[in-house]
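The structure appears below as structure tokens.
Read-outs: derived from the displayed coordinates by stated rules, not from any lab. Worth saying up front: this structure is predicted, and the values here are computed from it rather than measured. Here the Cβ is made from the backbone with ideal geometry for all residues, glycine too, and neighbour counts use every protein chain on show.
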Amino acid sequence: MDEIPDVGELVPPERTLLGPGPSNVHPRVLRAMATPLVGYLDDYYVDVMDDVQALLQYVFQTDNEHTFAVSGTGTAGMETAFTNLVEPGETVLVPSNGYFGNRMGQVAERAGAELVTVDAPWGEPLDPADVRAAFERHQPTVFGFVHGETSTGVRQPAVSELADIAHEHDAYVVADTVASLGGNEFYTDEWGLDVVYTGSQKCLSAPPGVSPITFSDRAVEKVRNRDTRPRSWYLDLEGVWEYWGEERNYHHTGPISTNYALREALRLAGEEGIENVWDRHERVAGAIKAGVTALGAPLAVAEDHWLPSLNAVTVPDGVDDSTVTQRLMDEYGIEIVSGLGALEGDIFRVGCMGHSARPENALYFVTAFAEVLADEGAAVNPASGIEATRQALSE
């Protein structure tokens, strides 16, 4: 290649990110990414890693020593959980009620698991009675579930009850919180969870690139007593812990700037207080919910398993969902996305995560959404939707 490509400088458009992730990030987080690099074992960076671990323990609500950030996005966290916890031939139980529950199964199978599922319709949570029946029938050693299913907008209630069922059968519990941690009430230790992972780019409101994860002492003991090595070298807990544990030996080159950003995002959450962060997400998402319901496009999930960080908004009759999402992007700079898998064409997925979960964004979205739907011929009431949003935000 003889010619130098003329690609120009980066000038990204301004977006209001209200999809399933990433979320907008606070200016302080952007500034943190722009601070100078140091070496991945520099004393300063080691202190940064210590800070990240302590702040993650706060957000996960855990005292687990093995709490750190995997170098990779949320799926790397999923792979870390199952690759380490599952040995070939073990029976693993996962849900079939959403896209990311299905992905759990794919990852577990690649770790050598004998896969079984517990079923629920897309848009519904797992029923503890069905989970108990699956345990009695299959006797799995590992059980995975999705706390906040990005594809459906469903939050799994009664988490501690599911964990109790698993522990009655001496099984280990893995929780996917990629779309929920930091935006929804969550207690790793109190609920008895063995491995929990998340992503940096959603409710934690940092750039994508790292996947926070926590292992209970019980889970670590299982990993250390494996008969075979994990199938991944890069995600092997014992190897990674040489970098994140007390020794701080080289394992891989940590993503320094990304962890700077994660540290600042977690610091912001700590300054606000995690309970206040949860309340803010619920308040702002509640305003979106009130607005779209009054508009004539209610949520497609029931209140008792509503996921505030990802709202499944019904597509009105006669409306093409892809046209609406494209117009919102082109005309208003708002990103939302259509349904996925079994709910494709039935819902809009409207995120309310991290720095995007702000009152002005709720009002801006409902106003723009109402205008586009009305213009596309939907039988909606824009004025009622906008007023309901305002009212919810004022309460």
Would you mind counting up the charge near Met104? Only other residues with Cβ under 13 Å from its Cβ, with Lys and Arg at +1 and Asp and Glu at -1. -2
Order these by the 10 Å Cβ neighbour count, fewest first: Val240, Val174. Val240, Val174
With the crude spin-label approximation of a point 7 Å out along Cα→Cβ, what separation in nm comes out for Thr228 versus Glu272? 4.4
Distance histogram in 10 Å bins (all Cα pairs of the chain, percent per bin): 5, 23, 30, 24, 13, 4, 0
Taking Cα atoms, how many degrees apart are the long axis of helix 43-60 and the longest axis of the chain, rounded to 10 and kept between 0 and 90? 70
In the chain the DSSP beta bridges are antiparallel at a rate, in percent to nearest 5, of 55
Extension length gain for Glu190 and Asp51 (0.36 nm per residue less Cα distance), in nm, is 47.8 nm
To the nearest 20 debye, what charge dipole does segment 27-271 have about its Cα centre, counting +1 at the Cβ of each Lys and Arg and -1 at the Cβ of each Asp and Glu? 860
